[in-house]
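All remarks here apply to the structure that follows.
The values are calculated or read from the model by the stated rules, or taken from the named source; none is laboratory data. All of these numbers come straight from a predicted model, not from anything done at the bench. We place every Cβ from the backbone using ideal geometry, glycine too, and count neighbours over all the protein chains shown.
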Amino acid sequence: MYQTGNVYTIAAISIIGGGLFGFDISSMSAIIATQPYKCYFNQQGFNDVGECIGPKADVQGGITASMAGGSWLAALCSGYLSDRLGRKMAIQIGAVIWVIGCIIVCASQNIAMLIVGRVINGFCVGICSAQVPVYISEIAPPSKRGKLVGAQQWAITWGIMIMFYISYGCSFINGTGAFRAPWALQMIPAILLFFGMMILPESPRWLASKDRWEETRAVLALTHGHGDPESPFVVREFDEIREWIRIESEAKNASYLELIRPRMLNRTIIGVFMQIWSQLTGMNVMMYYITYVFKMAGLSGNNLLVSSSIQYVINVVMTVPGLLLVDRVGRRPLLLVGAAFMAVWLFANAGILGAYGTNPGPGGVGGNTPEASTEVTGAASKAVIACSYLFVASYAPTWGPPLGVVTVTTSPDAISLQ
């Protein structure tokens, strides 16, 4: 079968796996504020004007978090799966799992079924978010590795934006089609990913780990030598891989215990806490629940969804500088600058909501959103919206692209899979 050796094409196809995560984020954020969704999964009755209030706050939190739960479980076993079957096959399995999850989510008859479907979707996200960066880093040349691995984050931002506008368009559909249609359309990129991976080469490092040296050399020649196995770069890369395999063969049975041994502990802490602090920045809260934040800022109806979508556009655009800078400026300076700016905007938002917010009553803003428990108006409202946009604009170029790069490149291959 034909295989492409262009590293940009390889990255463009494989990062669709990141796009799936983005699709999932905005397929919830755009829908949770719509009446068809609230009425179908309604648990709290109606407000004074007959509008559905929707699921209870803790239940909605469970629905949203169920994907992350599945992702956590899958991430634990994705390294084993990838090591046994190969990077390509692991990503393709993730794509199949995603389609299965989307079918269940789309056909959901109740909240339990919706949660099960999202947990299954999370299995795919866990596999792809862990293995796509590894796959790209093992194929890309060192000079392009940072931006190509970071492109995974850019794919996430594109997935978020595209799916939000699809969900926004579907919000004008009457009945359950308003949320079933976008949930069904999520299957399309996974199908493209599955078939697209067929024309991509396997990771040369994985092939080498299985003693398939001729195939390793052939892939290196295809991706880095324009088909010439004697190219100086191919020979140098081949020798480097051979040396890595020799070193790692001394710890061939690398396990999770290896992560806490003295020689690896510092790297493990860096990798783990990079992921932890990325979540604790609040970026995913902004992605999932921006409609609640903007509802507290006094927006409603069409204005609410359109204004919410602007942050997704900002996310896509502002990730580009990060891709360009990650190999030039370095990972650490970007992370430090981004953390400082994000702290400023979050502190400002909290201060504005605390100082100028008023209690809208037990039904929340509008009487149908208990989660929107504070309301601001006038200049304070505009300030909350502006700070939310600036927060996203600070995260995208500084914490987005470097995140996967740091996690993958701080550990040897056998350990990074864990």
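Data for the structure
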| read-out | value |
| --- | --- |
| Residue satisfying condition, being in contact with a Ser or Thr (Cβ under 9 Å, 6 or more places away or on another chain), surrounded by 22 or more Cβ atoms within 10 Å (Cβ to Cβ) and farther than 30 Å from GLY271 by Cβ, within set GLY354, GLY364, GLY400 | GLY364 |
| Qualifying positions in region 359-383 - among the hydrophobic types (A, V, I, L, M, F, W, C) and closer than 30 Å to VAL125 by Cβ | ALA372 |
| Region 43-72 residues that are more than 23 Å from CYS102 (Cα to Cα), paired with ones that are hydroxyl-bearing (Ser, Thr, Tyr) and modelled with pLDDT under 85 (beta carbon under 8 Å, 6 or more apart) | ILE53/THR369 |
| Within region 1-31, tally of residues that are small (Gly, Ala, Ser) and farther than 30 Å from ALA112 by Cβ | 4 |
| Those residues of region 32-63 which are touching a helix residue (DSSP H, G or I) at 6+ places or on another chain (Cβ under 7 Å), closer than 18 Å to ILE115 by Cβ and at pLDDT 90 or above, in sequence order | TYR37, PHE41, PRO55, VAL59, GLY62, ILE63 |
| Region 81-103: number of residues that are within 23 Å of TRP206 (Cβ to Cβ) and without any contact (Cβ under 8 Å) to a residue 40 or more places away in the chain | 5 |
| Hits in region 1-54 (condition: surrounded by fewer than 22 Cβ atoms within 10 Å (Cβ to Cβ) and closer than 30 Å to HIS226 by Cα) | MET1, TYR2, GLN3, THR4, GLY5, ASN6, VAL7, TYR8, THR9, ALA12, ILE13 |
| Count of residues meeting criterion [more than 17 Å from MET1 (Cα to Cα) and β-branched (Val, Ile, Thr)] in region 217-246 | 4 |
| Residue tally, condition surrounded by fewer than 22 Cβ atoms within 10 Å (Cβ to Cβ) and farther than 20 Å from GLY378 by Cβ, over region 290-304 | 1 |
| Residue check for GLY150: assigned to a helix (DSSP H, G or I), within 28 Å of SER308 (Cα to Cα), within 18 Å of the chain's Cα centre (by Cα) and without any contact (Cβ under 8 Å) to a residue 40 or more places away in the chain | no |
